[in-house]
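A quick write-up on the structure given underneath.
The values are calculated or read from the model by the stated rules, or taken from the named source; none is laboratory data. Just so you know, these numbers come straight off a predicted model, no measurement behind them. Neighbour counts are summed over all protein chains in view; Cβ atoms, including those assigned to glycine, are modelled from backbone coordinates with ideal geometry. Surface accessibility is based on the protein's heavy atoms, side chains included, excluding ligands, DNA and RNA. Shrake-Rupley method; radii C 1.70, N 1.55, O 1.52, S 1.80 Å.
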Amino acid sequence: MVNQKALKEISIICETHNAHLVAVTKNRTLEEIKELYDLGYTVFAENRVQDLLEKKEILANDIEWHLIGHLQRNKVKYIVPFVKLIHSIDSISLTKEINKEAFKIDKTIDCLLQFHIAQEESKFGIKTENLDNFMQEYKQLKLSNIKIRGIMGMASFTENQNLIKKEFKQLKDIFDKLKNQYFQQEDFNILSMGMSGDYKIALEYGSTLVRVGSALFK
Ligand SMILES: *Cc1c(COP(=O)(O)O)cnc(C)c1O
């Protein structure tokens, strides 16, 4: 069930920071998602392509779907026709694949570069030390059907608030560097960071979009 009190509180905090709330609906029932929809929320995120496709098929047409999980190249073609924002670009080959599929249907896809800043080894993302190499390669490709709108990252899963702050600061610095050096356009303006456990800290550090799942439900 939707926790309406929490939903309202989180929405207000986001508004205060001029940030967007994206509701993460992974592992949630269709009833729960419909409940959110009926409360006026229409921007949802999934981390698996299969789940995204199944839910999109059944739920309302005006929902904006984001993909926040790792994306395999062979699944790109299934989401390109409708996905609103891909948060999880972490390789040049994936970038090329998205561009290729978007070109085929004459679309431009909004995407974020995902950076790996957390201490856990298992998380996907571009490593900070590879940022310049990635960008050199990216620039040369001159892709016309992909638009990089900003970056995404996850902090370590920890109780250590100082570590979380340090990691969000690092993400904000990466965002600023990319904006200054590579993406001077007005619409490079999405810093996707913050989840149920750490969205308040993320907002303090300049997040413009939080991805909150479990805290919205009870
Ligand atoms: C699951 C997930 C979230 C939301 O996590 P909660 O702790 O449930 O808020 C956010 N971002 C990504 C990439 C996720 O996989």
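Annotation for Asn160 and Asp106: the two label points, set 7 Å from Cα along the Cα-Cβ direction, are 5.3 nm apart. Please give the net charge around Glu57, taking every other residue with its beta carbon less than 13 angstrom from that of Glu57, where Lys and Arg add +1 and Asp and Glu add -1. Neighbourhood net charge equals -1.
Qualifying chymotrypsin sites (Phe, Trp or Tyr not before Pro) in region 145-218, where qualification requires a DSSP coil assignment and no more than 14 other C-beta atoms within 10 Å, comprise Phe157. Per residue, the chain exposes 51 Å² of accessible surface when a 1.4 Å probe is rolled over the protein heavy atoms with every protein chain present. Taking Ile146, Ile33, Ile58 as the candidate residues, the one with maximal mean-square fluctuation in a Gaussian network model of the chain, Cα springs under 10 Å, is Ile58.
On the accessible surface of the chain, probed at 1.4 Å, how many percent belong to carbon and sulfur atoms?
Of all accessible area on the chain, carbon and sulfur atoms account for 47 percent.
Kindly state, to the nearest 0.05, the FRET efficiency for Glu137 paired with Lys84, given R0 = 22 Å and r defined as their beta-carbon distance.
That gives a FRET efficiency of 0.25.
Relative to the current alpha-carbon distance between Asn3 and Leu39, full extension at 0.36 nm per residue lengthens the span by 11.8 nm.
In region 102-190, a dipole from Cβ-located charges (positive for Lys and Arg, negative for Asp and Glu) runs towards its positive end, and of Gly150, Thr108, Leu131 it is Thr108 whose Cα lies farthest in that direction. Within the shell of other residues whose beta carbon sits under 15 angstrom from the beta carbon of Asp173, the net charge comes to +2, with Lys and Arg scored +1 and Asp and Glu -1.
In a simple Cβ point-charge model (Lys, Arg +1; Asp, Glu -1; nothing else charged), region 104-164 has a dipole of about 440 debye relative to its Cα centre. Residue by residue, region 68-76 carries 3J(HN,Hα) couplings of 10, x, 4, 10, 8, 4, 6, 9, 4 Hz when phi is fed to the Karplus relation 6.51 cos²θ - 1.76 cosθ + 1.60 (θ = phi - 60°); x denotes Gly or Pro. Assuming charge only on the beta carbon of Lys and Arg (+1) and of Asp and Glu (-1), the dipole of the chain about its Cα centre is about 360 debye to the nearest 20. Were the residues from Asp176 through Glu57 laid out at 0.36 nm apart, the gain over their Cα-Cα distance would be 39.1 nm. A DSSP coil position with no more than 14 other Cβ atoms inside 10 Å describes the following chymotrypsin sites (Phe, Trp or Tyr not before Pro) in region 28-91: Phe82. Grab the other residues whose beta carbon is less than 11 angstrom from that of Val76, score K and R as +1, D and E as -1, and report the net. Local net charge: +4. Which number comes out as Rg/Rh for region 170-218 once both Rg and the Kirkwood Rh are worked out on C-alpha atoms? Rg divided by Rh gives 1.08.
Any chance you could tell me what percent of the C-alpha pair distances in region 1-91 go past 14 Å?
Counting pairs separated by more than 14 Å, the tail of P(r) holds 65 percent.
Every pair of different Cα atoms in the chain enters the Kirkwood calculation, which places the hydrodynamic radius at 17.7 Å. Comparing Lys172, Lys142, Lys34 in a Gaussian network model of the chain, where Cα atoms under 10 Å apart are tied by springs, the biggest mean-square fluctuation is seen for Lys142.
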